[in-house]
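Asker: My questions will all concern the structure given below.
Please treat every number below as a calculation from the coordinates, not as lab data. Keep in mind that what you see is a predicted model, and the values were worked out from it rather than measured. Every residue, glycine among them, receives a Cβ derived from its backbone with ideal geometry; neighbour counts consider all protein chains shown.
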Amino acid sequence: ERKAALAASSGPGATSDGHKVPLLANVGGPGDVAAAVEAGAEGVGLFRTEFLFLDDSKSAPSEEKQVEAYRKVLEAFPEGRVVVRVLDAGADKPLDFLTPADEPNPALGVRGLRTLLDHPDVLRTQLTALAKAAEGLPVYLEVMAPMVADRIDAKAFADACREAGLRAKFGAMVEIPSAALRARSILQEVEFLSLGTNDLAQYTFAADRQVGAVSRLQDPWQPALLDLVAVSAEAAKAEGKSCGVCGEAASDPLLACVLTGLGVTSLSMGAASLPYVRSTLSQHTLAQCERAAAAARAADTAEDARAAAQAVLSGE
Ligand code: PEP
Ligand code: MG
């Protein structure tokens, strides 16, 4: 089955009637790049930069070390897109020297962009390293911040990017319901959105992503999560900007069709999922994806949403 999907699947991501949906890879460092290229990724939709910071528990990696690692990833996609996420420390990704040790609820505390705004030197070094890594390369660099809550966060990040002399598009991840609900306001400050559906589910359902007992609420088919995806995609469309998905939701081929139907403009996932998503997407028209999305949103449970989308897409 895997071979058949791979064979049937090559080229850029698109629906059967030619609506383009760039299929991008999630990478955690230069070591993941070869698999992404082999799977035919059109670029990187989420470069998680945390890996660089895990070696040393006392300080951030030097600018030189960062430039080297970023350059390796950027070079792998000449003329492609590479979306780099700045450091997302805290909560499920704690770092000794940055993450407060005494928070009662780390997922609701100082993490993601909040950490970086408290440590502007760390953010500045990372942005400067990215600017240097991209120098002279034709790559289309985009840089985004995790855990943006509102327009003030988005502006603080965009200002930091400008101050570092970064020539790239600046974006915000939508991982907090407030960011989805006020996406148009955030888009006054940044040029694109990327939905981090893992955290967006966590914060929408008040269900810790690390606690198995509440995993039912982490299901990306939950209609409330689909509603927030729709709101974000509609806001981006109204502003003439893009809105991708880089959370786990994008790696489910059926859900990828639904996300497309909701108006999402690109999908980023682990390389292993790419051929399946490409193949499934290529078997349905945009109108079918839109109908599947409407059917899923009309459901009351994740299970029913999935079944409703499946019924539409299989022509039942
Ligand atoms: C997400 O939250 O969906 C996401 C893509 O980021 P991470 O899983 O690294 O928190
Ligand atoms: Mg996240």
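Asker: If r is the Cβ-Cβ distance from Leu108 to Ala311 and R0 is 35 Å, what FRET efficiency results, to the nearest 0.05?
Answerer: 0.35
Asker: Enter the angle in degrees (range 0 to 90, nearest 10) between the Cα long axis of helix 223-238 and the first principal axis of the Cα atoms of the chain, meaning the one along which they spread out most.
Answerer: 70 degrees
Asker: Can you sort Phe97, Phe170 so the residue with the fewest Cβ neighbours within 10 Å comes first?
Answerer: Lowest count first: Phe97, Phe170.
Asker: For region 55-145, what is the relative contact order in percent, using Cα pairs closer than 8 Å and at least 6 residues apart in sequence?
Answerer: Across region 55-145, relative contact order equals 47 percent.
Asker: How large is ³J(HN,Hα) for each residue in region 171-182, as worked out from phi by the Karplus curve 6.51 cos²θ - 1.76 cosθ + 1.60 (θ = phi - 60°), to whole Hz, x for Gly and Pro?
Answerer: x, 10, 7, 9, 10, 10, x, 4, 5, 5, 5, 10
Asker: Using only Cα atoms and rounding to the nearest 10 degrees, what angle (0 to 90) does helix 151-163 make with the longest principal axis of the chain?
Answerer: 60 degrees
Asker: Return one quarter of the surface area of the convex hull spanned by the alpha-carbon atoms of the chain, equal to its mean projected area, in nm².
Answerer: For the chain, averaging the hull's shadow over all directions gives 15.5 nm².
Asker: Give, as a single signed number, the net charge of other residues whose beta carbon lies under 12 Å from the beta carbon of Pro61, with Lys and Arg counted +1 and Asp and Glu -1.
Answerer: Counting the neighbours of Pro61, the net charge comes to -4.
Asker: OK, next. Do the sum for the chain: with -39,500 (n - 2.57) for every DSSP H run of n ≥ 4, divided by all residues, what is the mean residue ellipticity at 222 nm, to the nearest 500 deg cm²/dmol?
Answerer: It lands at -12500 deg cm²/dmol.
Asker: Between Ala272 and Ser59, what is the spin-label point distance in nm, taking each point 7 Å from the Cα along the Cα→C-beta axis?
Answerer: If labels sit at Ala272 and Ser59, their model points lie 3.8 nm apart.
Asker: Right, another one. Could you work out how far the C-alpha centroid of region 88-105 sits from that of region 256-316, in angstrom?
Answerer: Measuring centre to centre over Cα atoms gives 35 Å.
Asker: I need Phe157, Phe53 ordered by Cβ neighbour count within 10 Å, fewest first.
Answerer: Lowest count first: Phe53, Phe157.
Asker: Could you work out how far helix 302-313 tilts from the main Cα principal axis of the chain, as a 0 to 90 degree angle to the nearest 10?
Answerer: In the chain, helix 302-313 runs at an angle near 60 degrees to the longest axis.
Asker: Taking θ = phi - 60°, what integer Hz values does the Karplus form 6.51 cos²θ - 1.76 cosθ + 1.60 yield along region 251-258, in sequence order, with x for Gly and Pro?
Answerer: 8, 8, x, 5, 5, 4, 5, 5
Asker: Enumerate the amide H contacts of Ser242 below 5 Å, restricted to partners 5 or more residues apart or on another chain; note that Pro and chain-start residues carry no placed amide H.
Answerer: Leu193
Asker: Could I ask something else about it? State, as an integer percentage, the relative contact order of region 71-197 based on alpha-carbon contacts under 8 Å between residues 6 or more apart.
Answerer: Value for region 71-197: 26 percent.
Asker: Quick check: pseudo-label points 7 Å beyond the Cα along Cα→Cβ at Phe51 and Arg167, how many nm apart are they?
Answerer: So the two model labels end up 2.8 nm from each other.
Asker: Also, I was wondering about something else. Can you tell which of Gly31, Gly171, Gly196 shows the greatest fluctuation in a Gaussian network model of the chain with Cα springs below 10 Å?
Answerer: Residue with maximal mean-square fluctuation among Gly31, Gly171, Gly196: Gly31.
Asker: Now for a separate question. Please go through the residue pairs Lys58/Lys93; Lys132/Lys241; Lys20/Lys169; Lys72/Lys169; Lys20/Lys241 and name each one whose alpha carbons sit more than 24 Å apart in this structure.
Answerer: Lys132/Lys241
Asker: Can you give me the long-range amide H partners of Met144? Hydrogens built in the peptide plane at 1.01 Å from N, cutoff under 5 Å, separation of 5 or more residues or another chain.
Answerer: Under 5 Å from the amide H of Met144 lie the amide H atoms of Val84, Arg85, Val86, Gly171, each far enough along the sequence or on another chain.
Asker: While we're looking at this one, here's another question. Quick one: order Leu108, Leu117 by neighbouring beta-carbon count within 10 Å, fewest to most.
Answerer: Least to most surrounded, the residues fall as Leu108, Leu117.
Asker: Under the Karplus relation 6.51 cos²θ - 1.76 cosθ + 1.60, θ = phi - 60°, what is the ordered set of whole-Hz ³J(HN,Hα) values for region 137-149, x standing for Gly and Pro?
Answerer: 3J(HN,Hα) across region 137-149, in whole Hz: 9, x, 4, 9, 7, 10, 10, 10, 9, x, 6, 7, 9.
Asker: What GluC sites (Glu not before Pro) does region 1-98 have in DSSP loop regions with at most 16 other beta carbons within 10 Å?
Answerer: In loop regions of region 1-98 (DSSP not H, G, I, E or B), the sparsely surrounded GluC sites (Glu not before Pro) are Glu1, Glu79.
Asker: I've got another one for you. Extension gain Lys155-Glu38, at 0.36 nm per residue separation less the Cα-Cα distance, in nm?
Answerer: Taking Lys155 through Glu38 to full extension adds about 38.4 nm, to one decimal.
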